[in-house]
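K.L.:
One structure, as structure tokens, below. Some questions next.
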Amino acid sequence: MGDFFDKILSWFDSTHVQEQVANVDYVGLFTNPWFLVPFVLFVVYLLYKQSFRDLIVVAAFVGVWYMTGTDYMGTLIVDGEVQIGKILPVVFGGAALLGFLMYLFFGRSD
């Protein structure tokens, strides 16, 4: 079983996904019309269909993606040690967001 996970881990490392995510040019992405036009059309479509739940999920995804690139997130781990005073607000914020999204999907009736 360990060999199976080793193969998956080596494949994941060979794709360099972590490096690609870390090296995303946010300004270039949101000024690129090949990304921006479909994204804006998708948001307009969600507004037209009045699918506010899906729009909130997309906004949460974009917000989390933005937050992972901030300087604050870069200082959560210093010299290989987790800074507990800085990671607790991130954990509680993530739990609150997850709770809100669970409420949207399971707690409300449309």
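The values are calculated or read from the model by the stated rules, or taken from the named source; none is laboratory data. Predicted model, so just to flag it, every value in this text is computed and none were measured. For neighbour counting, all protein chains shown are included, and Cβ atoms are generated from backbone atoms with ideal geometry for every residue, glycine included. Side chains included, ligands, DNA and RNA excluded: accessible areas come from the protein's heavy atoms. Shrake-Rupley method; radii C 1.70, N 1.55, O 1.52, S 1.80 Å.
K.L.:
If you take the residues in the range 69-81 that are surrounded by 10 or more Cβ atoms within 10 Å (Cβ to Cβ) and not polar (S, T, N, Q), which one is nearest to residue 18 (Cα to Cα)?
P.N.:
Checking each candidate, the answer is 69.
K.L.:
Further, regarding this structure: Looking at (1) exposed (fewer than 12 other Cβ atoms within 10 Å of the Cβ); (2) within 24 Å of residue 26 (Cα to Cα); (3) modelled with pLDDT under 90, which is the one condition that is false for residue 40?
P.N.:
Condition not satisfied by residue 40: (3).
K.L.:
Can you tell me which residue is most open to solvent (accessible area, probe 1.4 Å) among those in the range 82-95 that are more than 15 Å from the chain's Cα centre (by Cα) and either on the phi > 0 side of the Ramachandran plot or not basic (Lys, Arg) (or both)? Lay out the reasoning, then the answer.
P.N.:
Our first condition is that a residue be more than 15 Å from the chain's Cα centre (by Cα); within the range 82-95, this holds for 82-89, 92.
Going one step further and asking which of them are either on the phi > 0 side of the Ramachandran plot or not basic (Lys, Arg) (or both), we end up with 82-85, 87-89, 92.
Values: 82: 85, 83: 68, 84: 112, 85: 61, 87: 45, 88: 77, 89: 75, 92: 136 Å².
Ranking the candidates gives 92 first.
K.L.:
Sticking with this structure for a sec: Somewhere in the range 46-66, is a residue part of a helix (DSSP H, G or I) and loosely packed, with under 10 Cβ neighbours inside 10 Å?
P.N.:
yes
K.L.:
Identify the residue in the range 5-25 that is of a type in the set (Phe, Trp, Tyr) and open to solvent by 100 Å² or more (accessible area, probe 1.4 Å) and, among all such residues, is farthest from residue 65 (Cα to Cα).
P.N.:
Here the answer is 5.
K.L.:
Residues in the range 1-45 that are in contact (Cβ under 8 Å) with a residue 12 or more places away in the chain and in a helix (DSSP H, G or I): how many?
P.N.:
3
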